[in-house]
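The values are calculated or read from the model by the stated rules, or taken from the named source; none is laboratory data. Everything quoted here is computed from the prediction, not taken from an experiment. Glycine gets a Cβ as well: all are built from the backbone with ideal geometry, and neighbour counts include every protein chain shown.
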Amino acid sequence: MLLFDCVQRFFRGYLVRQRGYGTNTVASYRDTFRLLVSFLGEGGARLESLEMADLGKSSVTDFLCWLEGTRGNSVSTRNVRLAHLRSFAAYAMSISPEDAGACVEVLSLRPKREVSAPPDALSVGEVRLLLASPGTDTPMGLRDTALLTLLYDSACRAQELADMDVCDLALRPPCTARVLGKGRKARDIPLLDETGELLAAYVEAFSLGSGSPLFLNRSGMRLTRAGVSNVVERHWARVVKSHPEEVSHAKAKPHLLRHSKATHLVDENVNIYHVRDFLGYRTRKKTRTASTG
């Protein structure tokens, strides 16, 4: 079977229809295959005539080494690319049994071991500086303060924040925010009363209805994930410029706030399993095999 034909079926029939993966996950898979095509093209392969049998252990191993050596990708990124290709190999084997040999070779590859390190995080003092940066004297300052405060207090992902509507908030104690996480799984996140008061003031100031997107851009449209990142990066740049001696990070992105909240909860002796649930991580179910003895 031609490689490109199988890839098309993998994306259209499997990732989207069967698995129901979201836009960001599909985009990550797409990046993997774009890089693979680039690598194979550099090697002089005739891409339009590549067969599934050409994608074996040797070519995938060379591709992974190319990611690390030539592109400078981390071990973690390398392992993500391998996971994508292993998923593809499993699918390809189900629709093209004659290519099972090459698929089994890819499935036999194991992730590269990486040295585990604690996630990077801002200190409590750095978070305070960031949340104070926008101020609340102007409408956009109030919006940005509400956004940054909710992003940290909820530890939600940038896309989860961008997808939120006003109706997803419960702003009377006990305050909560409902987010739709990976796998379209909803979870309710407890918020501090102070965060609820700030969000209530923001919603009132902007006259937002219950069905309105929670955060809007200057054009009145829903703020995107890139827009959320821009708010974080812009205000962190201001913090670095105004308090260079008090910060240890040159740059900050939304996920750093997520890591920071998790770290601060652990530092406060919150049970690690409660932190996991708070972040919305899913646990893999273990299946038991029946004894035949």
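Being buried (at least 20 other Cβ atoms within 10 Å of the Cβ) and at positive phi is true of residue 155. Looking at segment 7-99, the helices (runs of 4 or more DSSP H) lying wholly inside it that each contain 3 or more residues that are in contact with a Cys (Cβ under 7 Å, 6 or more places away or on another chain) sit at 75-95. Based on what the data block shows, is residue 146 outside the structural domain of residue 241 (by TED's automatic domain parsing), over 22 Å from residue 76 (Cα atoms) and assigned to a helix (DSSP H, G or I)? In short, no. Checking every residue in segment 5-15 against the condition of being in contact (Cβ under 8 Å) with a residue 24 or more places away in the chain, in contact with a helix residue (DSSP H, G or I) (Cβ under 6 Å, 6 or more places away or on another chain) and closer than 27 Å to residue 119 by Cβ gives zero matches. Selection of segment 131-159 for residues being among the charged types (D, E, K, R) and in contact with a helix residue (DSSP H, G or I) (Cβ under 8 Å, 6 or more places away or on another chain) yields 143, 144, 153, 157. When residue 109 is tested against the conditions (1) more than 24 Å from residue 253 (Cβ to Cβ); (2) loosely packed, with under 15 Cβ neighbours inside 10 Å, the lone failure is (2). Scanning segment 51-75 for residues that are surrounded by fewer than 18 Cβ atoms within 10 Å (Cβ to Cβ), over 20 Å from residue 114 (Cα atoms) and either aliphatic (A, V, I, L, M) or outside the structural domain of residue 100 (by TED's automatic domain parsing) (or both) turns up just one, 53.
Looking at segment 161-187, which of its residues are outside any strand (DSSP E or B) and touching a residue at least 60 places away in the same chain (Cβ under 8 Å)?
161, 162, 181, 182, 183, 184, 185
Quick one: would you say residue 119 is in a loop (DSSP other than H, G, I, E, B) and surrounded by 21 or more Cβ atoms within 10 Å (Cβ to Cβ)? No, not satisfied. Determine, yes or no, whether residue 161 is within 30 Å of residue 15 (Cα to Cα), modelled with pLDDT of 95 or more and among the aliphatic types (A, V, I, L, M). Yes.
Kindly state which helices (runs of 4 or more DSSP H) lie completely within segment 197-289 and contain at least 2 residues that are in contact (Cβ under 8 Å) with a residue 60 or more places away in the chain and farther than 29 Å from residue 167 by Cα.
225-242
When you scan segment 17-33, do you find a residue that is farther than 30 Å from residue 180 by Cβ, loosely packed, with under 15 Cβ neighbours inside 10 Å and not aliphatic (A, V, I, L, M), even just one? The answer is no, given that none of the residues of segment 17-33 is farther than 30 Å from residue 180 by Cβ, loosely packed, with under 15 Cβ neighbours inside 10 Å and not aliphatic (A, V, I, L, M).
Within segment 19-45, the residues that satisfy the criterion of being more than 21 Å from the chain's Cα centre (by Cα) and either over 19 Å from residue 80 (Cα atoms) or of a type in the set (Phe, Trp, Tyr) (or both) are 39, 41, 42, 43, 44, 45.
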